[in-house]
Amino acid sequence: MTHYSNFLVVFLFLFLIGASAQDSTTANSTDNKAANQFFSLRINFFLEHLNDFKTIIPNTDPEHIRFQTVAFKPIFFDLDSAYYSGFRFKAPPDSGLLIWAFSIDNMTEWYIIPSDGKPQPGFTHFYVKRFNGNIPGIINRGDYFVLQDLPPNHLTPGKEYFIWIKLRENRLTKLAISFNIFENFDLNVLEVFDRYLLKEE
C-alpha cells in the first residue's frame, strides 16, 4: 500500500470516528432537550392542579413528632401515561431543617418544587428504615418507610412548596407521613427518628 493509500485510510478512519462522535453528541443534545421539555411540561401540569394537592401544616415542635394518615387521589398525566398526586405546605416564617418520613406504598418517584414553579435545590438523598414501634391504624411494626431531610438554605421562609408523588397504580393511596420543619435544630434525620419514633410503644 502506498503512502498516499495509508494516509487515505487513516483520514477515512478519523472522519468516521469524528462523524460518529458528532452524531452521538447531537443525539445526547436532542435527548437532553426532550427531557428538559418533559420536565417543564410536567411542572406546568402540577401547577395547573395545585388545588388538587392537599395542604399539610408542618410540625415545628421536636417534642411532638407524629405520623398521620394522608390519602392521595391520583391525577392522570397523559404525556407519560402516569398517575401523580402530592401535597402542598408553606415554610414557616422562621424556616429551618425539613425532616420528614413516609410509608412506602404505590410510589415510584417524588420531589419538591416551589409553588411558583421556579427551579430550586431539592432532595438529594434518603434512607429506608423499618418501623420498630406500632401506631394502630397508621403504621405497623416492621413496615418500611423513607426518611429524608432538606437543609434550611433550601427553603425560603413563608414560601409555598409542593411535593409531587408518582404513583405506580391508579388507586387512592394512603400514606403514613410525619412532616416537620425545625428552626435551630442540631439533630439529623436519623437521630430524630431514632430518638422520637423508632422506639417501642
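Here, each number is a calculation from the coordinates, and none is a lab measurement. The structure presented is a predicted model; accordingly, all values stated were derived computationally and were not measured. A quick note on method: Cβ atoms are made from the backbone with ideal geometry, for glycine too, and the neighbour counts reach across all protein chains shown.
Would you mind pulling out the separation of the Cα centroids of region 158-173 and region 89-114, in Å? After rounding, the separation between the Cα centres reads 10 Å.
If contacts are Cα pairs under 8 angstrom and at least 6 residues apart, what is the relative contact order of region 53-196 in percent?
Taking the mean separation of contacting Cα pairs over the length of region 53-196, I get 42 percent.
For the cross-link pairs K54/K118; K54/K159; K33/K166; K33/K159; K33/K54, which exceed 26 Å when the distance is taken from alpha carbon to alpha carbon?
Working: K54/K118 20 Å; K54/K159 16 Å; K33/K166 22 Å; K33/K159 29 Å; K33/K54 32 Å.
Table pairs above 26 Å Cα-Cα are K33/K159; K33/K54.
Projecting the Cα atoms of L79, F193, P93 onto the charge dipole of region 53-196, computed from C-beta unit charges around the Cα centre, puts L79 farthest toward the positive end. The alpha-carbon of K129 sits under 19 angstrom from the alpha-carbons of these lysines, leaving out residues fewer than 8 places away in its chain: K174, K199. By the beta-carbon count within 10 Å of each Cβ, the least crowded to most crowded order of I139, I75, I99, fewest first, is I75, I139, I99. The peptide list 46-53, 173-180, put in order of mean Cβ contacts within 10 Å with the highest first, becomes 173-180, 46-53.
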